[in-house]
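Below is one structure, written out as structure tokens; the observations come after it.
The values are calculated or read from the model by the stated rules, or taken from the named source; none is laboratory data. From a predicted model like this one, the values you see are computed outputs, not experimental measurements. In this analysis, Cβ positions are derived from the backbone assuming ideal geometry, glycine residues included, and neighbour counts consider all displayed protein chains. Surface areas here come from the heavy atoms of the whole protein model, side chains and all, with no ligands, DNA or RNA. Shrake-Rupley method; radii C 1.70, N 1.55, O 1.52, S 1.80 Å.
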Amino acid sequence: MAGQNFLIPNGTFLAELSIFLIVLAVIWLFVVPPIRDVLAEREARVAKAAADGKRAREVLEAAGERYRSSVAQARGEAARRREQARIEGRAILISTRERAQEQSDRISAEATIELRAHADAAAVRLRGHVDPLAGDLADRVIGGEGIERT
């Protein structure tokens, strides 16, 4: 063994080197391509998922904007209808008050006319009773029994 130099490769080393190169070639040809394919497919799925997520966010933002727009429009419409209802309510209230005032004035005028008619009728009746009594009283006060009334 003294004659062997460790710097010069022997047959074992060359056999191990050739087996290593064969194994490396087999790995490079048969193992690495499927791993690359799987990694490429995985990267494509991740990219697709990211694109889908971005699209979903955009769709969600658009839907949210449409929702906010619809809500704002509905609130505006509700406010407009409330204001219109208030205006109509005020008009109805004013109209009702005017009709009530007219009816009250009419009833008051009718009552005044009726009361005046009753008062005039009562005055006429009372004059018919009071005039003879006044004449009798005047005769008694003056003492004139022979005075004729006209």
Being open to solvent by less than 60 Å² (accessible area, probe 1.4 Å) and of a type in the set (A, V, I, L, M) is the filter here, so list the residues in the range 51-66 that pass it. A51, A56, A62, A63
Is it the case, given these coordinates, that G128 is of a type in the set (G, A, S), modelled with pLDDT under 95, exposed (fewer than 10 other Cβ atoms within 10 Å of the Cβ) and assigned to a helix (DSSP H, G or I)? yes
For S95, state whether it is among the polar types (S, T, N, Q), open to solvent by less than 60 Å² (accessible area, probe 1.4 Å) and part of a helix (DSSP H, G or I). yes
Got at least one residue in the range 6-13 being in a helix (DSSP H, G or I) and either surrounded by 10 or more Cβ atoms within 10 Å (Cβ to Cβ) or of a type in the set (S, T, N, Q) (or both)? yes
Single residue of E41, E16 found to be outside any loop (DSSP other than H, G, I, E, B), of a type in the set (D, E) and at pLDDT 95 or above: E41
